[in-house]
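Here's the structure we're looking at; comments come further down.
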Amino acid sequence: MVNNWGSGWQVEVVVTNYRNSTVNGWEVAITHPSAPRRTGGWNAEFSESGNVVRAGDVHYNKQLRSEQSTSFGYQGSGTGMPASGNPLPCAGS
């Protein structure tokens, strides 16, 4: 989480390809402590189920070459904000 203003919050995520080959599509799932009220987002296609927000590539950031990054973000309101913390490594396929 990069911002929290009491009644709302903002999340920003950086996706980096650490493989030696190009990735053609990615998806990230973020688990919130309770069902979030997502009010907007950018640089990804979003879906929600319960307390999980999924973000996936869009046409202009689908392909990531080795060591290339892209970012996305979203904002919401209420108490469903995710925990803040250091970047976490994730594995993809």
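The values are calculated or read from the model by the stated rules, or taken from the named source; none is laboratory data. Just so it is clear, the model here is predicted, and its values are computed rather than measured. Please note: Cβ atoms are built from the backbone with ideal geometry, for glycine as well, and neighbour counts cover all protein chains shown. What goes into the accessible areas is simple: the full protein's heavy atoms, side chains included, and nothing from ligands, DNA or RNA. Shrake-Rupley method; radii C 1.70, N 1.55, O 1.52, S 1.80 Å.
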Sticking with the crude label model, points 7 Å out along Cα→Cβ, report the distance from A35 to S49 in nm, one decimal please.
1.5
Please work out the ratio of the alpha-carbon Rg of the stretch 29-70 to 2.2 N^0.38 Å and round it to two decimals.
1.34
Residue-normalised accessible area of the stretch 24-77, expressed per residue, 1.4 Å probe, Å²:
56
Quick one: what do you get for the stretch 1-73 if you divide its Cα Rg by 2.2 N^0.38 Å?
1.18
